[in-house]
C-alpha cells in the first residue's frame, strides 16, 4: 500500500502548488486593500457583485462624424465609435481594465474588446456571434475600424470559425461528460492553469463586451455578466433617437444614444467606474477631436488613449 500513500501525498503537493500559482497569461496580480480581498468570498460570482449604470449621450456630433467618414468612403458605424470610446476609457481609467478570478484580482495586460455581430447584415433572425479584438497601444481609430471590419467579414463569410469548431466539439460530448468538463475548466482557470489558447480565443475573456442593439432598432436593456470567462463590464447600446433633455436650463428634444452598463464592482470602486463611463461619453460627444478622421493618406490620426 506504500504506493497509494505516495500517490496521495504527491496529489496533495500538486494541489497545494496549484493553489499557490498566481501567474497568468492575461493578467498581472494586483495587491489591494483587505476589504477588496474579502469581496470575492462574500460575492463569489460576478452577478452577485453587479452594479448598473444608465447613461445618455448627446448624439448629434456622433451622427455628423459618422456621416463625414462615410462621405470619405469609410463605412463607419456606431459600433466602431462605441468600441473606440471604450478603448479610450480603459486607457484613461486603467483600474477598470481588471478582472477577478480564483478570488484574486488581476490587471489585464491588454485592452481586449468583444462585441456581438449578426451573421447576416440587418437580419434580425440571423445567428448572433461574439467576436473579439485586441486594441494595440498605438492604434488610431482607423486601425480599430479596419480590425472590426475584418472580424465581421470572417463571421459573415460562411466559413466555420474557431468558435464554431470549438462549440461543435464541446456539444458533441454527452451531458454526463459535458457538465464535469466545464467544471474542470473552471477549476483550472481559477488556479491559473487553463492553457493560453482557451483564454486568447474566447470572447468572454475580455476587458468589456459590447452589444449594440441599436443596429437592429432595439432599446437597450441591462445585461447580466457571465459566470464563464473574466469579463467584468457589459455595455448595451440602444437605437439613437429623439429624447427630451435639459439644455442650458430649458427642455429641448435632442438626438440621444442610450447606454446601459453592467459592472463587476469587485474589480474596483464606483468612483473609477463612473469616471470610465464619463470618459466613454466624452469621446462619443466630441468624436472629431477624440477620434480624428479617416483620410486615405493617414493624416489626422489620433491615438485611442487618454492622451489624445
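Considering the stretch 235-246 alone, what residues qualify as being surrounded by fewer than 23 Cβ atoms within 10 Å (Cβ to Cβ) and part of a strand (DSSP E or B)?
236, 241, 242, 243, 244, 245, 246
Can you find even one residue in the stretch 64-87 that is part of a strand (DSSP E or B) and within 20 Å of residue 208 (Cα to Cα)?
No.
Residue 137 - would you say it is touching a strand residue (DSSP E or B) at 6+ places or on another chain (Cβ under 9 Å), exposed (fewer than 13 other Cβ atoms within 10 Å of the Cβ), assigned to a helix (DSSP H, G or I) and modelled with pLDDT of 85 or more?
No; evaluated as a whole, the condition is false for this residue.
Name, by its number, the condition in (1) surrounded by fewer than 21 Cβ atoms within 10 Å (Cβ to Cβ); (2) touching a strand residue (DSSP E or B) at 6+ places or on another chain (Cβ under 7 Å); (3) part of a helix (DSSP H, G or I) that does not hold for residue 15.
The one condition residue 15 does not meet is (2).
Anything in the stretch 255-278 that is more than 20 Å from residue 117 (Cα to Cα), touching a helix residue (DSSP H, G or I) at 6+ places or on another chain (Cβ under 7 Å) and not in a loop (DSSP other than H, G, I, E, B)? List them, or say none.
Result: 255, 263, 264, 272, 273, 276.
Any residue at all in the stretch 19-30 that is modelled with pLDDT of 90 or more, within 23 Å of the chain's Cα centre (by Cα), assigned to a helix (DSSP H, G or I) and surrounded by 11 or more Cβ atoms within 10 Å (Cβ to Cβ)?
Scanning the stretch 19-30, I find no residue that is modelled with pLDDT of 90 or more, within 23 Å of the chain's Cα centre (by Cα), assigned to a helix (DSSP H, G or I) and surrounded by 11 or more Cβ atoms within 10 Å (Cβ to Cβ), so the answer is no.
If only one of 76, 57 is crowded, with 18+ Cβ neighbours inside 10 Å and closer than 24 Å to residue 133 by Cα, which one is it?
Only one candidate passes the filter, namely 76.
Can you name every residue in the stretch 183-200 that is in contact (Cβ under 8 Å) with a residue 24 or more places away in the chain and either in a helix (DSSP H, G or I) or under 14 Å from residue 231 (Cβ atoms) (or both)?
186, 189, 190, 196, 199, 200
The values are calculated or read from the model by the stated rules, or taken from the named source; none is laboratory data. This one's a predicted model, so the numbers in the text were calculated from it and none came from an experiment. Note that we place each Cβ from the backbone using ideal geometry, even for glycine, and neighbour counts take in every protein chain shown.
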